[in-house]
Amino acid sequence: MRYGDLSPAKRRVARPEEFVMESLNPFQIVQLQFDKAADRLGMPEWQRQLLKTPNRNVQVDFPVRMDDGVIRMFTGYRVQHNNVRGPYKGGVRFSPAVDLDEVKALASWMTWKTAVADVPFGGAKGGISCDPKSMSLGELERMTRRFTYEIADIIGPDTDIPAPDVNTNGEVMAWMLDTYSMYQRRDVFGVVTGKPVSLGGSYGRIAATGRGITQCAVETLRANGCDPKKMTAVVQGLGNVGSWTARLLAKEGVRIVGVSDVSAALVDAAGIDMAQLDAFFSTPGRLLKDFPKKRGTFLPRKEDLIGVQADILVPAATENVITLANVDTVRARFVVEGANGPTTPDADVMLDAKGIVVVPDILANSGGVIVSYYEWVQNTQREQWPESKVNAHLSEKLGTAIQGVLALAKQDKITLRMAAYMIAIGRVAEATRLRGYFP
Ligand code: NAD
């Protein structure tokens with residue numbers, strides 16, 4: 001869609017030069033977000049190229065024996081974007097949508113996320129193009145182990161530390177840890193984070209991203225004079241991130257009036273029954289098929305959750321779900337980005353024009369990487385912290401980051417996304433300068 005195709009109402013609120021084609025891929029989107037902040041920072045083009053370009057893009061094609069005896073080839077990626085502030089850090093996702101541009105984008109977002117959260121890591125991401133829902137546990141394990149072997153030379157506790165992301169979890173991390181340790185002929189617990197607690201994982205890691213999203217929501221609400229206890233929210237996506245966000249927002253007194261997963265969207269203006277939702281989270285299943293609904297309604301189209309009346313909208317599923325096509329329907333006053341890249345740049349302009357406050361992904365979902373950092377610290381020091389200590393450290397670290405972003409946004413009258421990028425880019429640029437690359 002081009003500017004000329006927009007409705008008159010949309011044309012009134014945004015200037016043509018602010019619109020870009022909606023067809024940008026995720027890597028082009030992160031570059032655009034970077035450039036908007038770099039413009040404000042007055043950064044010359046050559047410095048931008050240095051900071052925007054991933055250091056290493058690795059693609060591996062490898063064989064896996066399937067349960068029926070047939071060998072199938074899979075393609076995996078590991079992109080290491082930037083490590084001037086510390087070892088590369090970022091998740092591994094299993095999805096049919098994984099391609100090099102998506103992984104490059106996610107790796108770049110990790111660099112800006114670790115920088116805005118101020119943890120001493122850089123940014124990386126990995127993934128395998130596959131359909132994990134159609135694979136057996138044995139096939140997933142063999143695929144994970146072979147992928148780990150293929151990238152074993154470029155990962156390690158002091159070089160690049162993978163973690164869970166979409167369709168990967170503690171079990172997958174345990175396979176990666178075991179394979180890498182076999183390769184090294186010694187146990188290397190710090191090579192991945194998000195591990196099960198009984199295998200060097202950290203208490204609090206599993207809920208950390210949702211806990212961070214909740215803290216970002218609550219502090220942003222308070223900064224805007226709103227009482228969380230009087231607020232309502234909808235959460236799109238009920239995986240690790242969405243399920244914990246829904247639970248922890250509810251603990252803060254926020255009424256959850258809608259949730260969705262890949263199968264359906266359930267709404268209930270009186271508030272979703274959280275006890276029932278809790279029980280649903282404890283056994284894997286799909287909302288439409290497995291949720292024992294006693295109240296509420298399933299929407300005819302799950303995508304319409306975006307437009308449900310609520311104060312807070314938390315997209316916590318995938319990229320590009322708030323677009324020019326549906327941004328008009330958003331009725332929330334706050335969008336807290338749980339997923340990476342859920343808002344297209346055009347929709348972002350529209351949300352700002354509508355006065356909707358967007359807490360950007362690189363800040364909102366940074367709780368996961370913050371606790372991953374504490375997991376790595378525990379591994380390298382052979383320690384196991386109690387959950388209370390992990391949560392206290394997370395709250396303090398993230399609180400500093402949120403307040404810094406809120407303050408800069410207020411002072412410069414800019415969006416929270418712009419403020420977060422300016423802070424993150426400033427930190428990475430400073431480390432680059434100190435290493436002697438910048439004057
Ligand atoms: P997950 O695989 O655990 O869950 C994804 C959820 O999204 C599932 O419930 C799935 O049913 C749902 N979903 C998929 N497509 C959907 C759609 N079209 N509409 C509604 N729901 C849909 O993944 P996750 O770890 O929760 O990650 C979710 C997002 O958060 C991703 O963008 C990821 O990169 C980001 N993220 C994850 C972490 C983490 O610690 N896991 C940290 C930071 C960011």
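Would you check if there is a residue in segment 203-212 being touching a residue at least 60 places away in the same chain (Cβ under 8 Å) and assigned to a loop (DSSP other than H, G, I, E, B)?
Taking segment 203-212 and keeping what is touching a residue at least 60 places away in the same chain (Cβ under 8 Å), we get 203-205, 208-212.
Now restrict to residues that are assigned to a loop (DSSP other than H, G, I, E, B): 203-204.
Within segment 203-212, one or more residues are touching a residue at least 60 places away in the same chain (Cβ under 8 Å) and assigned to a loop (DSSP other than H, G, I, E, B).
Any chance you could count how many residues in segment 261-277 are within 16 Å of the ligand (Cβ to nearest atom) and open to solvent by 70 Å² or more (accessible area, probe 1.4 Å)?
1
Output the residue which, of all residues in segment 231-245 that are touching a residue at least 40 places away in the same chain (Cβ under 8 Å) and over 16 Å from Asp361 (Cβ atoms), is surrounded by the fewest Cβ atoms within 10 Å (Cβ to Cβ).
Here the residue is Thr232.
Could you check segment 349-379 and list, in sequence order, the residues that are among the acidic types (Asp, Glu) and either modelled with pLDDT under 95 or more than 16 Å from the ligand (Cβ to nearest atom) (or both)? Write out each step before concluding.
Restricting attention to segment 349-379, the residues satisfying the condition of being among the acidic types (Asp, Glu) are 352, 361, 375.
Once the filter is applied, which keeps residues that are among the acidic types (Asp, Glu) and either modelled with pLDDT under 95 or more than 16 Å from the ligand (Cβ to nearest atom) (or both), segment 349-379 yields only Asp352.
Can you tell me which condition Ala407 does not meet? The list is (1) touching a residue at least 60 places away in the same chain (Cβ under 8 Å); (2) hydrophobic (A, V, I, L, M, F, W, C); (3) open to solvent by 40 Å² or more (accessible area, probe 1.4 Å), and all the others hold.
Here Ala407 meets the rest and fails (1).
So which residues in segment 302-318 are under 14 Å from Ala246 (Cα atoms) and within 11 Å of the ligand (Cβ to nearest atom)?
If the condition is that a residue be under 14 Å from Ala246 (Cα atoms) and within 11 Å of the ligand (Cβ to nearest atom), then Val314, Pro315, Ala316, Ala317 are the ones that fit.
Identify the single condition in (1) within 15 Å of the ligand (Cβ to nearest atom); (2) over 14 Å from Gly91 (Cα atoms) that Tyr183 does not satisfy, given that it satisfies every other one.
The number of the failed condition is (1).
Identify the residue in segment 6-46 that is at pLDDT 70 or above and assigned to a loop (DSSP other than H, G, I, E, B) and, among all such residues, is surrounded by the most Cβ atoms within 10 Å (Cβ to Cβ).
Among residues in segment 6-46 that are at pLDDT 70 or above and assigned to a loop (DSSP other than H, G, I, E, B), the one surrounded by the most Cβ atoms within 10 Å (Cβ to Cβ) is Met43.
Got a number for residues in segment 144-173 being open to solvent by less than 20 Å² (accessible area, probe 1.4 Å) and away from the ligand (no atom under 16 Å from the Cβ)?
7
The values are calculated or read from the model by the stated rules, or taken from the named source; none is laboratory data. Note that the structure is a prediction, hence the values are computed from the model and not measured. Cβ sites come from the backbone with ideal geometry, for glycine too, and all protein chains shown count toward neighbours. Areas reflect the complete protein model, heavy atoms only, side chains present, ligands, DNA and RNA absent. Shrake-Rupley method; radii C 1.70, N 1.55, O 1.52, S 1.80 Å.
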